[in-house]
Amino acid sequence: MVAKKQKRSRKYRVANLKPHVPAISLLDLPPELRNTIYKFALTEPDGITVCRHPGVSRSRKKPIMAACGDQAYPVNQIKLVNRQLHQETAGLKIRYSTVIFQSESHSRAGAINQFLAFIRHCAPSKLLWLTHVILKENIDWTVDTPLRGCPMTWLKTHMRSIKKAMKACAANPHMCVHLELPGWAIINDAGDYTAMNFISVAIALARMFRGEDIAHITGEFGDATQAAYAAMCDDALGKHKAAIEEIGGRARNLKFMPRHCEWDVGSFCSEAAETWAKIATVPFPGEERVTMWIKCAREWIVDGF
């Protein structure tokens, strides 16, 4: 025998109706909470890379923010939902993440030029959001010279672009710009340690762009004399010397960075001793001075110059 379904009274049915709860959208949330969500959604821990997507139309030539290491696609897709989200989130990606400009292998100062073009077309209000920038330059393999992998050669070749970058940094002191200098590394591309060359480049950078003389850290080291460094720096600066000396004190937010790599202190000291024996006219310095070199190298790798 099939049980009969009991008929509920109308009073019972009305009393047990579930109230209708309207769906809550993102735009229904308080502005403070929406801003927190935007920051979480638009922050890229490894930074975002600016690249230009190939195309012929005006819109396709605009720079695209891509997640570091991925194919080019708009990082901020929230702004594509509707007009209000576009107004609230457009440009926020550069506020919450480090922005990376990558030079192509065939471009001369490509990263610097991309950076300058970007800030030139950036709205003043949103330019204030751009606080952390990395310029990844490559060795210019189009230059036919045996010294093209030398950081001093790269500096000399691109001094005009560096001067422009310094002017831009001086005009925007809220930015912290890291310029990765090609060829400046404790370990070169061949895997060999270049400790003394690493220190010599730092001494030249201090002299050219900071007006500081730190040659004393090497002691007496062959050609590491005031006259030798002055001649080397003057050659690299060329006709831009006066302008860069004038800008230098106002562009300390532009940091020259070595290539980051894992390095061994023992191998660093061994190479330094071997190079010293080939060039210097005095015995290898004592432990105190070598310890200072190691300390300086660690600071330059983290903070640049």
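Just to be sure I follow the rule: in the range 218-305, considering lysines 8 or more places apart or on different chains, how many pairs have Cα atoms under 28 Å apart?
Here the count comes out as 4.
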Virtual spin-label span in nm between Gln87 and Asn35, 7 Å along Cα→Cβ: 1.7
FRET efficiency, 1/(1 + (r/R0)^6) with R0 22 Å, evaluated for Lys241 and Ala171 via beta carbons: 0.60
In Å, descending, principal axis extents of the Cα set of the range 175-278: 40, 32, 20
Full-stretch length increase - His121, Asp213 - with 0.36 nm per residue and alpha-carbon distance subtracted: 29.4 nm
FRET efficiency for Arg250 and Val302, using Cβ-Cβ distance with R0 set to 30 Å, rounded to 0.05: 0.80
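Output the Kirkwood hydrodynamic radius of the range 151-192, Cα pairs only, in Å rounded to one decimal. If you can, show how the numbers build up before the last one.
Working: mean 1/r = 0.0834 Å⁻¹.
The answer is 12.0 Å.
Coordinate-derived values only; no laboratory data. Quantities reported herein were computed from a predicted structural model and do not represent experimental measurements. Don't worry about glycine lacking a Cβ; one is built from the backbone with ideal geometry, like all the others, and counts go over all protein chains shown.
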